[in-house]
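The values are calculated or read from the model by the stated rules, or taken from the named source; none is laboratory data. All figures in this text were calculated on a predicted structure; none of them were measured in a lab. Cβ: placed from backbone, ideal geometry, glycine included. Neighbour counts: every protein chain shown. Protein only, heavy atoms only, side chains kept; ligands, DNA and RNA dropped before computing areas. Shrake-Rupley method; radii C 1.70, N 1.55, O 1.52, S 1.80 Å.
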Amino acid sequence: MKRSIFLVLLSLSVLIPKAGFSECAPFYFRIWPEGETLNRNPMVVLNFSESDYPWSKKSELVAPELGKKIRFFFKSEHSSIPLRLIQRNRGKSDENQVILKPARLLEPGVEYTLEFFCQDSVLAKRFLQNIRFRSRSWVVKNEIDKEVPVWLSEPVFQFKNYVRYGCGPESYWKFCASFKDQSAVFIQTIVRHLESGKISEYLLLPDTHSLVVGYHMCGGAFNMVPGEHYSVSFNLVDASGNTLNQFSDPVFVQAPTESDYLSEEELEKKKCPCVSEQNELEERVSLDFAWILGIVALIVLLAVANWYRNAIK
């Protein structure tokens, strides 16, 4: 009997650390833009998760109340500007996205702080507890962004991948796309399940010149059933919400399964060959800047050498 108890305790001592290692964070909260400045007509995107706590109830989730009982606004030293709820998207495992726009143009040179208001004190407390809201401040540039992003080439399917982890799998499609805009660009992505017709939507930030559509171990924007068929469509939306609102032709894909697993070596060979004009510009600027630094360093070096030669004469 003692030996049996010992074996049970030993098993638990091994399993518990492993379980802890594979656990997902119960919530997160991110505000975009992540920089320190805004245009006068910005878009603000909140991404957060109210994960399924073992002790939580769906009725206790606060995400459905955002933009209703819980309102956001920009606060400055002399004014307060309400933020209009443009859209709310819901992903896998209670991941949420809220898209906001100020009700009027912001004043240039003024610092604004993102705040929230809720008359229901119980709901406000639950909002702070569930989501861990943190305010953020920006200084406004004297710029109004009216440029609309356009495709240079619409997204092209590259590959799919399925990786099994401790808490669950990671499953995604990867697309490559090229676009033109002077500000940051989101790709509004709509995934339709062909059998049921169910639609899911999210704003995704492309990684350099590629876009990942799917979910990770602990959640994600889209929840696909392995092996089932979907269509994916895309539309460009920039940092101020400018858009042609013209979706690309749907790309028909099958959700990844375990047989689609790709190793790190295989993934390294599958990088997107195309680059957006925005990224090409950034790379050109970086290269030009490196050349300028090199030339300046050479001039300084020659000047120092000349000074030293004259000094020892």
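Annotations
- Reported count of residues in region 118-139, each being open to solvent by less than 20 Å² (accessible area, probe 1.4 Å), among the aliphatic types (A, V, I, L, M) and within 22 Å of the chain's Cα centre (by Cα), is 1.
- Residue in region 149-163 that is open to solvent by 20 Å² or more (accessible area, probe 1.4 Å) and touching a Leu at 6+ places or on another chain (Cβ under 6 Å) present: no
- Of all residues in region 84-106, those satisfying the criterion of being crowded, with 16+ Cβ neighbours inside 10 Å and over 20 Å from the mean Cα position of the chain (by Cα) are PRO102, LEU106.
- Selection of region 154-202 for residues being free of Cβ contacts under 8 Å to residues at least 40 places away in the same chain and in contact with a His (Cβ under 9 Å, 6 or more places away or on another chain) yields HIS193, GLU195, ILE199.
- Filter pass, LEU152 being more than 21 Å from the chain's Cα centre (by Cα) and part of a strand (DSSP E or B): yes
- Residue in region 164-178 that is open to solvent by less than 30 Å² (accessible area, probe 1.4 Å), in a strand (DSSP E or B) and either of a type in the set (D, E, K, R) or in contact with a helix residue (DSSP H, G or I) (Cβ under 6 Å, 6 or more places away or on another chain) (or both) present: no
- Residue satisfying condition, being surrounded by 12 or more Cβ atoms within 10 Å (Cβ to Cβ), in contact with a Cys (Cβ under 9 Å, 6 or more places away or on another chain) and at pLDDT 90 or above, within set LEU205, LEU211: LEU211
- Residue in region 244-254 that is in contact with an Asp or Glu (Cβ under 8 Å, 6 or more places away or on another chain), part of a strand (DSSP E or B) and surrounded by fewer than 19 Cβ atoms within 10 Å (Cβ to Cβ) present: yes
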